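Here's the structure we're looking at; comments come further down.
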Amino acid sequence: MDFTNRLWAAMLIVLTLCGTARAQLGSFPRWTETQASEWVAQQPWLVGSNYIPATAINELEMWQPETFDPSQIDKELAWAQSIGLNTVRVFLHDLLWQQDPPGFKKRMDTFLAIADKHHIRSLLVLFDSCWDPNPKLGVQRDPKPGIHNSGWVQSPGASALVDTTQYPRLEAYVKGVVGAFAHDKRVLGWDAWNEPDANGLGNYKQMEPKDKAALVLALLPKVYDWARSVKPTQPLTSGVWHDNWSDPKKLEPMAKVQIEMSDILSFHNYGKPDEFKERVASLEQYHRPIICTEFMARKNGSTFQGILPIAKKYRVGAINWGLVAGKTQTYLPWDSWEHPYTDREPEVWFHEILRNDGKPYSTEEVSFIKEITRVK
């Protein structure tokens, strides 16, 4: 082979490798470290809750037209503002887009207007792999007595996840929702997929597709691409939540996609302060802004008093699970699936800050949140 042919062969190899790397990272580039740094420099310290109104058992009941409740949302987000919260993480659902795109967008706009009124910005979750894999529109079931999150539903459901003919519908949902609010300053960011490799939470394991993790792993990069194709000004993320992230060379495949395709990094941790601090340290090496999008499980040693000072010191956003106790019953512990709390309230609440009348579960806790967020 002469020099010219060798040169062309070498160029072909380089182009092939570059194409492969680009395919792995998606068709649309994520933010540079500089862009991410500029974004976080414009943000306050982000402190908030995963939010669903007390009157809804899941994201479908929150958003469907028959049960969407602006007055309840307004009341509860006023409580959130009063204790110093400036952020909510809110779950959407693909079936809501399939049902009525214009109506869903209108209700989202109403929600964002209420949150903005209370100086709260929203991190919006597109997909979720947790709990019931068989979501259905319409009237949602009542909570199962004494059980944590007994009515939460996945998005997409198992039937859509295994059926590639439904992927264009999922693509339309992502592009439609993100595109509608791509330049909306009320939107803090987009959480592409909550705990994407979760499997069998609650008693749903037998209902899950056997190859669920592989299906989600193949779909998640597409979700990032669909969202980026409409050019949002807000960052994309997906929270890593288990295994070890301290060595980039040893990341599990799902975590690798989540970390390498996110504009800003997010994670979940329900452990004690030392564990939380270790998790933050393991993510700092990636040189991206960090938000903990789920924490606070009192019985596990994850408390506001223990976690928020660390988050503030390292300028990590902190979004706990649960604002107001309600139909999700997530003030009950995870083990309530095996031992339902049908005859008593747990000695220590697991999640949630407020009772459904707005009074604190713990006045000491709320005083601490106000103080650390400097609410007078």
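The values are calculated or read from the model by the stated rules, or taken from the named source; none is laboratory data. This structure is a prediction, so every number in the text was calculated from the model and none was measured. Every residue, glycine among them, receives a Cβ derived from its backbone with ideal geometry; neighbour counts consider all protein chains shown.
Numerical summary
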{"item": "Hey, LYS312 assigned to a helix (DSSP H, G or I), touching a helix residue (DSSP H, G or I) at 6+ places or on another chain (Cβ under 9 Å) and at pLDDT 95 or above or not", "result": "yes"}
{"item": "Tally of residues being of a type in the set (A, V, I, L, M, F, W, C), within 25 Å of ASP357 (Cβ to Cβ) and assigned to a helix (DSSP H, G or I) across region 63-103", "result": "6"}
{"item": "Residue in region 359-374 that is among the acidic types (Asp, Glu), more than 24 Å from LEU188 (Cα to Cα) and in contact with a helix residue (DSSP H, G or I) (Cβ under 7 Å, 6 or more places away or on another chain) present", "result": "yes"}
{"item": "Selection within region 230-254 - surrounded by fewer than 16 Cβ atoms within 10 Å (Cβ to Cβ) and small (Gly, Ala, Ser)", "result": "SER246"}
{"item": "Residue list for region 218-251, filter: assigned to a helix (DSSP H, G or I) and in contact (Cβ under 8 Å) with a residue 12 or more places away in the chain", "result": "LEU219, LEU220, PRO221, LYS222, VAL223, TYR224, ASP225, TRP226, ALA227, ARG228, SER229, PRO248"}
{"item": "In region 265-309, residue farthest from LEU85 (Cα to Cα) [restricted to those that are aromatic (Phe, Trp, Tyr) and part of a loop (DSSP other than H, G, I, E, B)]", "result": "TYR286"}
{"item": "Selected residue [closer than 30 Å to PRO143 by Cα, part of a loop (DSSP other than H, G, I, E, B) and either under 25 Å from the mean Cα position of the chain (by Cα) or of a type in the set (Lys, Arg) (or both)] from GLU347, GLU352, GLU365", "result": "GLU352"}
{"item": "Some residue of region 151-166 being free of Cβ contacts under 8 Å to residues at least 40 places away in the same chain, under 30 Å from LYS370 (Cα atoms) and assigned to a loop (DSSP other than H, G, I, E, B)", "result": "no"}
{"item": "Check on GLN35, in a helix (DSSP H, G or I) and without any contact (Cβ under 8 Å) to a residue 24 or more places away in the chain", "result": "no"}
{"item": "Some residue of region 328-335 being in a helix (DSSP H, G or I) and either acidic (Asp, Glu) or within 27 Å of GLU61 (Cβ to Cβ) (or both)", "result": "yes"}
{"item": "Residues being under 14 Å from TRP193 (Cα atoms) and among the aromatic types (Phe, Trp, Tyr) - total across region 236-268", "result": "2"}
{"item": "Meets criteria (under 23 Å from ARG30 (Cβ atoms), surrounded by 20 or more Cβ atoms within 10 Å (Cβ to Cβ), of a type in the set (Gly, Ala, Ser) and out of contact with any Gly (no Cβ under 7 Å at 6 or more places or on another chain)) for ALA182", "result": "no"}
